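The values are calculated or read from the model by the stated rules, or taken from the named source; none is laboratory data. Bear in mind that the values here come from a model prediction, so they are computed numbers and not experimental data. For neighbour counting, all protein chains shown are included, and Cβ atoms are generated from backbone atoms with ideal geometry for every residue, glycine included. Only protein heavy atoms, including side chains, enter the accessible area calculation; ligands, DNA and RNA are left aside. Shrake-Rupley method; radii C 1.70, N 1.55, O 1.52, S 1.80 Å.
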Amino acid sequence: MALLQIAEPGMSTAPHEHRLAVGIDLGTTHSLVATVRSGSAECLPDEAGRVILPSVVRYGPQGARCIGHDALASADVDTANTVFSAKRLMGRGYEDVTGLQMPYALKAPDDGKTGMVQIQTEFQTLSPVQVSADILKVLRKRAEATLGGELVGAVITVPAYFDDAQRQATKDAAQLAGLNVLRLINEPTAAALAYGLDQNAQGQFVVFDLGGGTFDVSILRLTGGVFEVLATGGDSALGGDDFDRALAEHFISTHGLVNLTPRQRSRLVMACRRAKEQISSEHTAFLSVDFSDKETIAETITAVQFAQIVEPLVKRCITAARKTLRDSELSKEDIKGVVMVGGSTRMPVIREAVKEFFGQDPLVNLNPDEVVAIGAAIQADTLAGNRNDDELLLLDVIPLSLGLETMGGLTERVINRNSTIPVARAQEFTTFKDGQTAMAIHVVQGERELVSENRSLARFELRGIPPMVAGAARIRVTFQVDADGLLAVTARELSSGVQAQIEVKPSYGLGDDEIAHMLKSSFEFAQDDMMARQLREQQVEALRLIESVEAAMQVDSALLSAAEMTLIEKELGSLRELVKTDQLRDIEKGIETLGEATADFAAKRMDEGIRKALTGRTIEGVSETFGK
Ligand code: ADP
Ligand code: MG
């Protein structure tokens, strides 16, 4: 019999009231997570107040990794192990990316198993999917910590030109990061949503996205609240980084800096990047780089000089925009609005060129770094069912198993996937603590062993359980799915008839491929899951032992000598500490040791119990008590 997790009543959140969903901009250079709170979308900052997470992971020995700002800081000292721009490798084969110059090593997959290009650091071989998953995981944790609950899911943005393999790779990364993908949406569509352009009756819009390493232009047509991508274009090898390099080249030639080491070069480029960003808001920037063995640079650069240096790059952007417009068979006059996206559109040179070309002021009131994540968050909020205007998904079979969370965060399946509906199944559970009068019931969906890897559907409480010793209560939980795919869960304590019930309405569905993947990952992770399950089970076992020894000591301490008491206290203390760790073997040993330390005590208690039970009873009474 499985045990239900007991949570303090009133402590659990009520996700069916507001379902926590986020939008994620998984960018080439930067990634962000946003959510809708009290009706408005906002990006979520880290502990240091930064919303931007550099899409950079540094890999060390034994699986050690560092993600984001710290990894970026080490990029020029540990180039071989610091992976950036993984997005460019997502869903691509080795041949597709031979043109990319990366400071870390790329290689073809050994066995042709996945076909996706692999990253070879000093310590491991990685798939770009893993790198993206590492980044997504940080954002998921940030969101969960900020919002204080489990996420229903995420909308993740991808470039409009991403093909099936690239989209699938993005989904895989999300699954690996423990995120439920509500939907992948195109970055330009997200930007348009952030500006509320979907509120327009109809019209054509340009989304001009100049990021760190890529330039994407998209022409969208809106009709009846649906965005259609008319054309995509741009330049996948043009972005803010090129502006940094152009500035660096300028200094290299004016200062005659020959034979810079890769590290020196990267320091110079970083300094140029800071100067470039400063020039977006100020008229000048001061740049200083000390090379020790070469001429030191200490120079002020003006906005006018900068504009001259980067002019060829600005021209390339406009040429690409013109071409995309031509592909869409529209003219400038047909364009109702131009949305600016990407950190590089902060550059006044870019804004001016866009204004001149399209003959209108571009939309810049939203933060260009955040606009994609904001739009994704708005979409996520809708898909999660927080705005009561979306359709319900009708099911004919249960696509994923339905079950309950039991002790240790494990999933106990009640209805298996592919059961046809309508269907009803019941299972019995029991309590964990003596005298417990309430229990929290958490309904989950998915095939994985751990609740955290599955999708949370609902939580409710069963109250008014008569106080009994742990394990004595019998709680029957019934799952019922009606023909509309609506799930109702009822919990009933059998001896008292106390009952609690909830209806779970799926307000969005998972796509077939998502389901396929979740199934696949449940096989892939079976090994991990087994280990995790064993650990949780031992932790639960340890907690039960601690509970019962503590309870026994309170009642029957008179049966113990001072020495025995001290020994038991000591073993109790060390098991209490061990149970907080993930050391499976140590916990098992701790349980054994405490068991040994209390063996005599248990025997004495048993004798005592029998002695009490026998006092004043006839043989018939005894057989009545013990005969069953
Ligand atoms: P991506 O979508 O590729 O992840 P972002 O949209 O975050 O990239 O853009 C990153 C680029 O924006 C970098 O090249 C960065 O230098 C540039 N950037 C950020 N802020 C500014 C600024 N104030 N002025 C000019 N460029 C900026
Ligand atoms: Mg971007």
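Yes or no, residue by residue, for (1) in contact with a Phe, Trp or Tyr (Cβ under 6 Å, 6 or more places away or on another chain); (2) under 25 Å from Arg274 (Cβ atoms):
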residue: Val36; (1), (2): no, no
residue: Asp46; (1), (2): no, yes
residue: His69; (1), (2): no, yes
residue: Ala75; (1), (2): no, yes
residue: Asp96; (1), (2): no, no
residue: Ala108; (1), (2): yes, no
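If you filter the stretch 479-497 down to residues that are in contact with a strand residue (DSSP E or B) (Cβ under 6 Å, 6 or more places away or on another chain) and of a type in the set (Gly, Ala, Ser), you find that the one that is modelled with the lowest pLDDT is Ala488.
Taking the condition within 16 Å of ligand 2 (Cβ to nearest atom) and crowded, with 18+ Cβ neighbours inside 10 Å, does Gly337 pass?
no
Among the residues of the stretch 35-56, those that are in contact with an Asp or Glu (Cβ under 8 Å, 6 or more places away or on another chain) and more than 14 Å from ligand 1 (Cβ to nearest atom) comprise Thr35, Val36, Ala41.
Within this structure, Cys272 passes the test of being near ligand 1 (Cβ under 10 Å from one of its atoms) and either part of a helix (DSSP H, G or I) or within 26 Å of Phe208 (Cβ to Cβ) (or both).
Within the stretch 435-458, the residues that satisfy the criterion of being closer than 24 Å to Lys137 by Cα, out of contact with any helix residue (DSSP H, G or I) (no Cβ under 7 Å at 6 or more places or on another chain) and either modelled with pLDDT under 85 or open to solvent by 40 Å² or more (accessible area, probe 1.4 Å) (or both) are Gln445, Ser452, Glu453, Asn454, Arg455, Ser456, Leu457, Ala458. Of the helices (runs of 4 or more DSSP H) contained entirely in the stretch 155-268, those carrying at least 2 residues that are buried (at least 24 other Cβ atoms within 10 Å of the Cβ) and more than 23 Å from the chain's Cα centre (by Cα) fall at 240-254. Taken over the stretch 124-139, the criterion of being surrounded by fewer than 21 Cβ atoms within 10 Å (Cβ to Cβ) and of a type in the set (D, E, K, R) is satisfied by Lys137 alone.
In the set (1) more than 13 Å from Phe208 (Cα to Cα); (2) open to solvent by less than 30 Å² (accessible area, probe 1.4 Å); (3) in contact with a strand residue (DSSP E or B) (Cβ under 7 Å, 6 or more places away or on another chain), Phe306 fails one condition alone, (3). Checking each residue in the stretch 34-73 for being assigned to a strand (DSSP E or B), within 16 Å of ligand 2 (Cβ to nearest atom) and out of contact with any Ser or Thr (no Cβ under 9 Å at 6 or more places or on another chain) picks out only Ala34.
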